[in-house]
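The block underneath contains the structure these notes are about, expressed in structure tokens.
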Amino acid sequence: MPLQSMTGYARVLETTDIAQYQIELRSVNHKYLALSVRLPKMYTFLEPTVHKVLKNTIKRGKIDVSIQIKPIGNALNTVKINRKAAQDYFLALDELRRTLDVSEPITMETILSNTEIVDFTLDEKSEKRLTEDLVPLLEKALSDLLDSRISEGGKLTENLSDLIRKTQDVTNGLEENASHLKEYYIKRVRDNLGELLNEVDRDYSEERLELELSIIAEKADIREEIARIQSHLSEMRDYLNNASQNELIGAKLNFFCQELGREFNTIGSKNRLKESSSLVIEGKSLVNSIREQVYNIQ
């Protein structure tokens, strides 16, 4: 399956032989899969089925599910009247009416407002029919949601590819400056240390000075960090180009973002060149932009 964004929306309106349905699915980014299902009270028995259908396909994201169901005619056994409770309630109200000398009659609406009189329930057969009715409609809504997420995923792929390309350009610039950074450290240390040695230790050998300089220069070398950045960027491109072969690609790309940030921070701590400083800042900014995009990927 192509790369998916965790952002999407789908809405299905359908009428079958037994009921009218309205199904809405909203999806946003989340570290794990989090399902929130809203159903009318008498249809909460459908919630495990909804969870099962969605979990079979969606791996990450916060999914808000709203399902409205309106039975048609007498297709479902949904209403039970407690006649004894209705009669007792009517007699009690009539006695109160006469006691208070109220002339208005007791209406059916008043009687039915008592929740103990009317019970909206479904028998086992009706529950089974509703479940069989709902599943294909829910699958259709899920398919539409996936189409929406894949469409958004295509836009994310384009944005990420562009950001990765820009980060590669920044890295190329740092690579060009890497030799200058090493030369900068050698010259600066040679000048400062050489002047100090002339005053303190005139017998300090040139060979030993060169050794010390090489050690300092190695510590200032950023070529390893650059190589790791290039490797991470290459792997990120591979993941984007082969998204259909990788599940939970968002979590993997987020790992690379953390590694890229670490490498740019290390380069920043070693760098003393003005031209490289601006590149490090730009690189860190690009990594943050990549991370923001990655947060939306399943």
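FYI, it's all coordinate maths here, none of it is from the lab. Nothing here was measured: the structure is a model prediction, and the numbers come from that model. We place every Cβ from the backbone using ideal geometry, glycine too, and count neighbours over all the protein chains shown.
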What does a probe at ALA34 reach in region 223-261, counting residues whose amide N is under 20 Å from the point 7 Å along Cα→Cβ? 248-252, 254-255
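Provide Rg over Rh for region 53-180; use the alpha carbon set for both Rg and the Kirkwood Rh (inverse mean inverse pair distance).
Working: Rg = 31.0 Å, Rh = 21.7 Å.
On the Cα set of region 53-180, Rg over Rh gives 1.43.
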Would you mind giving the average projected area, over all directions, of the Cα convex hull of region 79-118 in nm² with one decimal? 2.7 nm²
Inter-probe distance in nm under a simple model that places probes 7 Å from Cα toward Cβ, at LYS274 and ALA227: 3.2 nm
Which Rg and Dmax, in Å, describe the Cα atoms of region 50-113? 22.4, 65
List the residues of region 109-131 whose backbone N lies under 12 Å from a point placed 7 Å from the Cα of ARG97 along the Cα-to-Cβ direction. 109-111
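Enter the per residue convex hull volume of region 251-298, computed from alpha-carbon coordinates, in Å³ rounded to the nearest integer.
Numbers: hull volume 2.1 nm³, N = 48.
Each residue corresponds to 44 Å³ of Cα convex hull volume.
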Ranked ARG149, ARG11, ARG98, ARG26, criterion: other C-beta atoms within 10 Å, fewest first: ARG98, ARG11, ARG26, ARG149
Could you work out the relative contact order of region 1-90? I mean the mean sequence separation of Cα pairs under 8 Å and 6+ apart, divided by the number of residues, in percent. 34 percent
